[in-house]
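J.: The structure that follows is given in the form of structure tokens.
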Amino acid sequence: MHKLKLTDVQKKYKDKEAVRKFNYTFTNGVYGLLGENGAGKTTLMRLICGVLKPTGGKIYCDDIEISYMGAEYRGLLGYLPQDFGYYGGFTAERFLRYMAALKALPAEYADSRIDELLDAVELKNMKKKKLKTFSGGMLRRIGIAQALLNDPEILILDEPTAGLDPKERVRFRNVISSLGEKRMVLLSTHIVSDIDYIADRILIMKNGELLLEGTEKGIMEKIKDYVWKCIVSQEEAEQIENNYIVSNMRNYGKNVELRIVSQKIPTKDAENVEGTLEDAYLYLSQIKGGERIATL
Ligand SMILES: Nc1ncnc2c1ncn2[C@@H]1O[C@H](COP(=O)(O)OP(=O)(O)O)[C@@H](O)[C@H]1O
Ligand SMILES: [Mg+2]
């Protein structure tokens with residue numbers, strides 16, 4: 001097991017501080033990095049992979065700075081970039097062989113891994129099929145397979161669930177949870193429901209900062225008793241929307257059913273309901289962002 005420690009990590013692109021004062025220690029398990037577009041997830045992952053150098057702070061693997069570890073550190077890493085490219089004309093098998101060569105892995109070793117990897121990502125029967133015939137989910141899974149070629153102990157997956165349909169999502173979940181058993185897996189997404197149940201710990205990022213981290217249960221505990229449901233007129237709904245965090249809205253004849261996250265009761269007829277990770281994320285990212293704080 002490895003320990004990856006980030007201390008005060010910062011990345012500035014000219015005037016833009018994409019990652020700021022990031023402090024965290026990762027060990028084994030599945031970590032879900034959640035944040036809206038532009039939050040700094042990709043930048044953070046590229047820093048962890050050593051593709052980018054921090055403009056401040058340090059990243060240590062087992063107490064050694066990663067920039068001093070070089071090839072030894074790269075050998076521990078598997079990375080699926082957000083903009084992962086592939087050649088449609090390659091078969092799954094040929095693609096993995098090609099990626100293994102790029103990673104300077106011995107050909108015999110790669111050959112011996114290919115069947116095992118295709119099996120791990122549930123693509124065994126697609127070995128001889130060209131990538132251009134693959135669905136979005138299959139492409140993501142072959143992307144994960146290439147990241148696993150060197151049997152990495154630290155696996156970084158940037159938006160691996162982008163474009164998956166519900167069935168593919170279930171498959172993906174199974175693949176990830178088995179991978180997290182003996183390595184560190186960090187995956188990013190801007191879609192809350194994509195990390196429900198997958199991640200052992202969730203890190204919420206906003207404007208380059210780590211807002212909050214915890215287990216899903218721990219995060220939900222923070223909003224226990226803050227989630228409300230009520231049915232109001234269109235007029236009232238507009239007013240509530242201006243003053244409260246509304247996590248869902250549904251037309252109900254002439255009226256509107258609102259789901260609200262607030263410490264105090266938003267209307268006298270509002271009923272407490274069970275919260276979701278989505279409610280928690282909206283609430284925590286908005287109050288910590290300093291917005292609407294007066295109403296909470
Ligand atoms: N190469 C770059 N040059 C300048 N700004 C960048 C660059 N890459 C990312 N950014 C900016 O940094 C912020 C974080 O981006 P990114 O890490 O891609 O976030 P995310 O992956 O969460 O969407 C954004 O405001 C983005 O516009
Ligand atoms: Mg990104």
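J.: What are the residues in segment 111-133 that are of a type in the set (A, V, I, L, M, F, W, C) and touching a residue at least 40 places away in the same chain (Cβ under 8 Å), if any? First the steps, then the outcome.
T.: The initial filter retains those residues of segment 111-133 that are of a type in the set (A, V, I, L, M, F, W, C), namely 114, 117-118, 120-121, 123, 126, 131.
Once the filter is applied, which keeps residues that are of a type in the set (A, V, I, L, M, F, W, C) and touching a residue at least 40 places away in the same chain (Cβ under 8 Å), segment 111-133 yields 120, 121, 131.
J.: Can you tell me which residue among 32, 50 is in contact with a Lys or Arg (Cβ under 9 Å, 6 or more places away or on another chain), under 19 Å from residue 74 (Cα atoms) and within 16 Å of ligand 1 (Cβ to nearest atom)? Before you say what the answer is, go through the steps one by one.
T.: Values: 32 fails: under 19 Å from residue 74 (Cα atoms).
Residue meeting the stated conditions: 50.
J.: Mind telling me which of the residues 33, 52, 44 ends up being within 16 Å of ligand 2 (Cβ to nearest atom), surrounded by 12 or more Cβ atoms within 10 Å (Cβ to Cβ), in a helix (DSSP H, G or I) and aliphatic (A, V, I, L, M)?
T.: Values: 33 fails: in a helix (DSSP H, G or I); 52 fails: in a helix (DSSP H, G or I).
When all the criteria are applied, what remains is 44.
J.: Just to verify a result, which residue in segment 184-199, among those that are open to solvent by 10 Å² or more (accessible area, probe 1.4 Å) and either within 13 Å of ligand 2 (Cβ to nearest atom) or of a type in the set (Asp, Glu) (or both), is farthest from the chain's Cα centre (by Cα)?
T.: So, considering only residues that are open to solvent by 10 Å² or more (accessible area, probe 1.4 Å) and either within 13 Å of ligand 2 (Cβ to nearest atom) or of a type in the set (Asp, Glu) (or both), the one farthest from the chain's Cα centre (by Cα) is 196.
J.: If a residue must be within 16 Å of ligand 1 (Cβ to nearest atom) and exposed (fewer than 14 other Cβ atoms within 10 Å of the Cβ), how many such residues does segment 1-29 contain?
T.: Taking segment 1-29 and keeping what is within 16 Å of ligand 1 (Cβ to nearest atom), we get 6, 9-22, 24.
Right, trim to exposed (fewer than 14 other Cβ atoms within 10 Å of the Cβ) and you get 13-16.
Residues meeting the conditions: 4.
J.: Could you figure out which of (1) under 26 Å from residue 194 (Cα atoms); (2) in contact (Cβ under 8 Å) with a residue 40 or more places away in the chain; (3) aliphatic (A, V, I, L, M) isn't true of residue 51?
T.: Going through the list (1) under 26 Å from residue 194 (Cα atoms); (2) in contact (Cβ under 8 Å) with a residue 40 or more places away in the chain; (3) aliphatic (A, V, I, L, M), residue 51 breaks only (2).
J.: Find all pairs meeting these conditions: Cβ atoms under 7 angstrom apart; at least six residues apart or on different chains; first residue within segment 149-161 and modelled with pLDDT of 90 or more and open to solvent by 10 Å² or more (accessible area, probe 1.4 Å); second residue charged (D, E, K, R) and away from ligand 1 (no atom under 13 Å from the Cβ).
T.: These pairs meet every condition: 150/103; 153/183.
J.: Suppose we keep only residues that are among the aromatic types (Phe, Trp, Tyr) and more than 16 Å from ligand 2 (Cβ to nearest atom) within segment 79-133. Which one would you say is most open to solvent (accessible area, probe 1.4 Å)?
T.: Keep residues of segment 79-133 that are among the aromatic types (Phe, Trp, Tyr), which gives 79, 84, 86-87, 90, 95, 98, 109.
Next, only the ones that are more than 16 Å from ligand 2 (Cβ to nearest atom) stay: 86-87, 90, 95, 98, 109.
Working: 86: 94, 87: 116, 90: 31, 95: 1, 98: 78, 109: 82 Å².
Across segment 79-133, the extreme among qualifying residues is 87.
J.: Something else now. Look through 137, 143 and report the one residue that is buried (at least 16 other Cβ atoms within 10 Å of the Cβ), modelled with pLDDT under 95, touching a strand residue (DSSP E or B) at 6+ places or on another chain (Cβ under 6 Å) and more than 17 Å from residue 28 (Cα to Cα).
T.: Details: 137 fails: touching a strand residue (DSSP E or B) at 6+ places or on another chain (Cβ under 6 Å).
Going through 137, 143 in turn, the sole match is 143.
The values are calculated or read from the model by the stated rules, or taken from the named source; none is laboratory data. All figures in this text were calculated on a predicted structure; none of them were measured in a lab. Every residue, glycine as well, gets a Cβ built from its backbone with ideal geometry; the counts of neighbours run over all protein chains shown. Only protein heavy atoms, including side chains, enter the accessible area calculation; ligands, DNA and RNA are left aside. Shrake-Rupley method; radii C 1.70, N 1.55, O 1.52, S 1.80 Å.
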